[in-house]
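The values are calculated or read from the model by the stated rules, or taken from the named source; none is laboratory data. In this text, all values refer to a predicted model and were calculated from it rather than measured experimentally. Here the Cβ positions follow ideal geometry from the backbone for every residue, glycine too, while neighbour counts run over all protein chains shown. The accessibility values were calculated without ligands, DNA or RNA, using every heavy atom of the protein model including side chains. Shrake-Rupley method; radii C 1.70, N 1.55, O 1.52, S 1.80 Å.
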Number of protein chains: 2
Amino acid sequence: MAHEQLTLSFQLCFRVYALERELMAAYRPLLDQLDLTYPQYITMLYLWEHEKGTVGELCSALSLDTGTMSPLLKRLEAGGFITRRRLPRDERTVEVRLTRKGKELEEQALSIPGNIASCLLTSDKDEQQRRYDELKTILDQTLDQLRASRKEREARVN
Amino acid sequence: MAHEQLTLSFQLCFRVYALERELMAAYRPLLDQLDLTYPQYITMLYLWEHEKGTVGELCSALSLDTGTMSPLLKRLEAGGFITRRRLPRDERTVEVRLTRKGKELEEQALSIPGNIASCLLTSDKDEQQRRYDELKTILDQTLDQLRASRKEREARVN
DNA sequence: CGCTACTAGATTGTGTACAATATAACAGAA
DNA sequence: TTCTGTTATATTGTACACAATCTAGTAGCG
């Protein structure tokens, strides 16, 4: 690299960028069998846990905006996994619920986490578990820090 | 989560997924000033370092496929940052080179890594530097492992 | 030379991402 | 009640991301 400064953050950010896509590639063949994409899968994970949710709750839980979530939900509805309806007491709000097919899909999804874990974990399980707990922690810290400095930037603009 | 198994890999993968987008959000305002997106930026990083490269080399260095790279390069060309030409000795190969404007852009990009680093690093610099070296290492290990198990899967299919 | 297999890129189609904008519904003040 | 500002979601436009397919060019072999 011509300029040394370009390396530090690049080394980190590019790795995260690459890892994210490699992870998606690991999920893809598994999720193909359920006719889901990864963003659709984590949307279903939320619904399997909470039974129902509004579009806003889903956006905030998955940190996606409505421009992503709206068409995604439309595809899940077209796939017969969920239903959407405006709430009578506030017609602005759209409530998403699982269909029977959507609920039943959870059974098929049960093998996915273990399958992904087997791509991530190697021989020494305990050691690896410890490493990933650590990774989880540092990812959280980094996320928090980025979100904090984003908030700061946004505040400065206003 | 109804089923405990869903948590382990989910906790890891979702964090990586979220972190990737948060990182892109940190780059965005900086890269907007250069009229680049993040994938375009790392393409330019490659070219700033190597002067030139074929489409295939860029795809492989950034682990992107031609379906992403081709239109991306077309936009960089439209922006006047690069030129593309077929090599005389092998007309299949397209060589990408920086224009003067593309070369000069590097100067403007110099402040970006430091700016991103300041979103990532907090008070105790040394401690944080140590943490990120560690993060870098574990990201690499995880990437390697995922790529290995992908290769394995692909081999099994054939 | 003519045939075949292969290679490098480009294209197409689907699905995110997200900024910017639009729309409809709600809530509170005059 | 009417006006105004706000909220929840949807839509539009641009740019990835990638599987699948296409195309032109190359290389090897009879």
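Which shape class applies to segment A:91-158: rounded if a/c is under 1.5, otherwise prolate when a/b exceeds b/c and oblate if not, where a ≥ b ≥ c are the square roots of the Cα gyration tensor eigenvalues?
The shape class here is oblate.
Once both axes come from the Cα atoms, what is the angle between helix A:66-78 and the longest principal axis of chain A, in degrees from 0 to 90, rounded to 10?
The helix A:66-78 is inclined about 50 degrees to chain A.
Roughly what angle does helix B:8-32 make with the longest principal axis of chain B, taking Cα atoms, 0 to 90 degrees, to the nearest 10?
40
Taking a cut-off of 32 Å, what percent of all Cα-Cα pairs in the protein assembly as shown are separated by more than that?
38
Relative to the other copies, what are the label-point distances for B:Ala25, with labels 7 Å from Cα along the C-beta vector, expressed in nm at one decimal and sorted shortest first?
2.7
How long is the gain from A:Ser111 to A:Ala61 if the chain were fully straight, where each residue apart is worth 0.36 nm and the alpha carbon distance is subtracted?
Length gained, A:Ser111 through A:Ala61: 15.7 nm.
From the phi of every residue in segment A:129-140, what ³J(HN,Hα) in whole Hz does the Karplus formula 6.51 cos²θ - 1.76 cosθ + 1.60 yield, where θ is phi - 60° and glycine or proline is x?
Computed from phi, the couplings for segment A:129-140 are 4, 4, 4, 6, 4, 5, 4, 4, 4, 5, 5, 4 Hz.
Starting from the Kirkwood Rh over alpha-carbon pairs, what translational D in µm² s⁻¹ does segment B:20-106 have by Stokes-Einstein at 4 °C and 1.567 mPa s?
This corresponds to a translational diffusion coefficient of 98 µm²/s.
Pairs to check: A:Lys74/B:Lys151; A:Lys74/A:Lys101; B:Lys52/B:Lys125; A:Lys103/B:Lys151. Give those whose C-alpha atoms are more than 24 Å from each other in this structure.
Beyond 24 Å between Cα atoms: A:Lys74/B:Lys151; B:Lys52/B:Lys125; A:Lys103/B:Lys151.
Suppose accessible area is computed on protein heavy atoms with a 1.4 Å probe; arrange A:Thr122, B:Thr66 from highest to lowest.
In descending accessible area the options line up as B:Thr66, A:Thr122.
For A:Glu107, place a label point 7 Å from Cα along the Cα-to-Cβ direction in every copy; what are the distances to the other copies, in nm, shortest first?
Nearest to farthest, the other copies are at 6.7 nm.
Would you mind classifying chain B by shape? Square roots of the alpha carbon gyration tensor eigenvalues, ordered a ≥ b ≥ c; an a/c under 1.5 is rounded, otherwise it is prolate if a/b is larger than b/c and oblate if not.
oblate
Using only Cα atoms, tell me the angle between helix B:100-109 and the longest principal axis of chain B; keep it within 0 to 90° and round to the nearest 10.
30
Tell me what the protein assembly as shown gives for mean residue ellipticity at 222 nm when only DSSP H runs of n ≥ 4 count, each as -39,500 (n - 2.57), the sum divided by the residue total, rounded to 500 deg cm²/dmol.
Value at 222 nm, helices only: -23500 deg cm²/dmol.
Below 9 angstrom from the Cβ of A:Arg84, what's the summed charge of the other residues (Lys, Arg +1; Asp, Glu -1)?
Summing Lys and Arg as +1 and Asp and Glu as -1 gives +2.
For A:Lys151 and A:Asp32, calculate 0.36 nm times their separation in residues minus their Cα-Cα distance, and state this gained length in nm to one decimal.
Gain on extension, A:Lys151 to A:Asp32, equals 39.2 nm.
Measuring nothing but label to label, 7 Å from Cα along Cα→Cβ, what are B:Glu154's distances to the other copies in nm, shortest first?
3.9
Treat each spin label as a single point 7 Å out from the Cα along the C-beta direction, and report the A:Arg84 to B:Thr68 distance in nm.
Each label point lies 7 Å from its Cα, and together they span 2.7 nm.
Closest approach to the B-A rotation axis by any Cβ of B: residue and distance in angstrom?
B:Glu20, 2
Keeping all protein chains in position, work out how much accessible area B:Met24 exposes to a 1.4 Å probe, and write it in Å² to the nearest 10.
So the heavy atoms of B:Met24 present about 20 Å² to solvent.
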